[in-house]
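This report refers to the structure that appears directly beneath it.
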Amino acid sequence: MTAVLPLQQTHGYVEIATEDPGFSSLPVSESTPVPKTSRGFLHFVVESNAFQMSIGTVILINAAVIGLETDHPDFWIWPILEDTFMAIFICELLLRMWTYGFDEFLNTHSSEFHWNVFDFAVVAFGATERALALASSLTAESQPSHGAGKAWFIAMLMRTFRLLRILRIFRMLHVLKQLHLLAGGLLDALASMFWMMVLCGLLVYVCAIVLTRLLGRAVEADPLAPFKKQYFGSMSATMLTLFQVMAYPDMEKFKVLYNSDPVLKCFFVVLIAFGAFTVVSILTGVVSESMLERGKARQEERQSEREHRLSLFVKQSRKVLQEHDGNGKGFLARTNFIACKEDILKICHEQCVDIRSRDLDALFDLVDYDDCGTIEIEEVLYGMVQLSSDVRPMTIMELRRIVVRGLHGVNQHVASLETRMQQMDQCLREVHTAVCAGGPSHAPAAAAAAAAAAAA
């Protein structure tokens with residue numbers, strides 16, 4: 001349901017449309033806590049593509065270093081690089097926790113809760129591994145002969161946490177949005193994939209029963225008896241054979257069986273067509289549908305967040321504009337508008353609204369339709385919302401509505417003028433006829449009658 005920003009009925013412009021259901025229900029005088037400028041700037045930095053790509057690049061380099069360290073574990077530069085990566089990840093985690101707040105970072109109702117816990121656990125494992133390394137070195141220096149058992153235990157813990165560094169690679173799924181959508185689509189499709197696997201298992205099980213009874217019970221005199229018993233001698237062997245045929249279609253191996261049996265040949269063709277093509281196509285469709293749904297949900301979430309920030313922006317801007325309204329009648333002069341422009345720009349920066357100083361200067365001239373130097377506060381809010389919004393079909397329809405209404409008003413005035421001109425022409429003709437018929441003495445009376453008719 002579309003909510004609208006409450007405007008006065010005397011305005012000559014359309015209402016502000018938004019997708020935030022609570023947008024219109026918020027009272028004008030309600031005070032909303034304004035986030036600090038540093039928090040707003042940090043939120044903009046953390047959500048920027050440059051920051052995300054930078055962290056993704058660091059994770060890729062760390063993954064490459066882990067692979068190289070596996071082949072060359074004694075190279076001297078690995079500890080330095082590991083400490084550098086660890087410091088970057090700790091700073092990134094602390095920056096996100098400070099930006100969103102600890103409560104919001106670990107909010108169980110947030111869509112990012114599981115990824116936040118995963119990132120926190122990975123960084124905690126790395127910090128623990130580094131702390132254990134320092135403890136091991138200190139133990140070896142202080143107790144070189146008596147700390148063998150403790151050093152061995154610490155070394156085992158270090159080896160375990162060092163293996164857990166591999167989990168950092170999976171942070172790419174969180175940092176890079178494309179991989180995030182792909183992983184989310186796979187997770188959403190797991191239920192459908194599971195039931196598809198159950199269907200395939202039932203099909204293989206039923207076919208294995210039939211083939212084991214028909215082919216696996218071959219008589220000793222049959223020259224193909226060893227071959228049949230090898231691949232179809234038991235339920236487990238038959239199911240493994242059918243799975244191999246579905247996974248890697250190769251009918252040449254069983255040519256000796258189906259050459260003399262067209263029914264068996266048809267069976268293998270249908271099995272391969274179902275297992276190698278149909279199942280793969282269905283699984284691809286399921287995963288693709290899940291990815292599309294996840295992408296659509298992501299877009300809706302971003303739109304909802306943007307509408308919420310826009311609602312906060314309008315409320316805070318209205319409060320600032322009303323503070324500069326000296327008489328409290330909802331109007332601003334140019335001097336008052338210039339005085340509060342810096343506060344409006346600060347709110348734009350905090351709420352990530354793309355409005356510049358020159359945009360506000362041009363907005364005043366655009367909204368001041370009659371060039372009186374005074375504008376309504378709600379007109380300014382409407383203009384700022386339109387400046388910060390993308391070109392939507394609704395915006396085009398609103399513009400068309402304004403133009404059509406204006407043209408309709410002009411046409412009505414033109415039609416009224418044409419009617420009056422016709423009446424004046426008729427009156428002048430009557431005056432001319434009266435003057436010609438009665439002479440100059442009747443001209444004043446005819447003119448007065450014509451004037452009365454024209455006024456009517």
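The values are calculated or read from the model by the stated rules, or taken from the named source; none is laboratory data. Quick caveat: nothing in here was measured; it's all calculated off a predicted structure. Cβ atoms come from the backbone with ideal geometry, glycine included; neighbour counts cover every protein chain shown. The protein model used for the area step is the full one, side chains on, heavy atoms only, and it has no ligands, DNA or RNA in it. Shrake-Rupley method; radii C 1.70, N 1.55, O 1.52, S 1.80 Å.
Placing ASP368, ASP188 in order of accessible area, with the largest value first and a 1.4 Å probe, yields ASP188, ASP368.
The heavy atoms of CYS436 present about 90 square angstrom of accessible area, all protein chains included, probe 1.4 Å. Longer than 25 Å from Cα to Cα, which of LYS229/LYS253; LYS315/LYS346; LYS296/LYS346 are they? Say none if no pair is. Listed pairs above 25 Å: LYS296/LYS346.
Keeping the other protein chains in place, figure out the carbon and sulfur percent of the accessible area of region 293-386, with a 1.4 Å probe. Summing carbon and sulfur atoms, their accessible area is 48 percent of the total for region 293-386.
Per residue, the solvent-accessible area of region 261-362 (1.4 Å probe, heavy atoms of protein chains only, all protein chains present) comes to 57 Å².
Accessible surface of region 201-260, 1.4 Å probe: 64 percent of it comes from carbon and sulfur atoms.
Annotation for ASP354 and LEU187: the two label points, set 7 Å from Cα along the Cα-Cβ direction, are 3.0 nm apart.
Here r is the Cβ-Cβ distance between ASN411 and LEU366 and R0 is 30 Å; the resulting FRET efficiency, rounded to 0.05, is 0.75.
With a simple spin-label model that places each label point 7 Å from the Cα along the Cα-to-Cβ direction, the separation between ILE338 and ARG217 comes to 10.3 nm.
Between region 113-132 and region 258-327, what is the C-alpha centre distance in whole Å? With region 113-132 and region 258-327 each reduced to a Cα centre, they are spaced 30 Å. Phi angles of region 117-126 translate, via the Karplus equation with coefficients 6.51, -1.76, 1.60 and θ = phi - 60°, into HN-Hα couplings of 5, 4, 4, 4, 5, 5, 5, 5, 4, x Hz per residue; Gly and Pro are given as x. Ranked from largest to smallest solvent-accessible area, with a 1.4 Å probe on the protein heavy atoms, TRP115, TRP76 come out as TRP76, TRP115.
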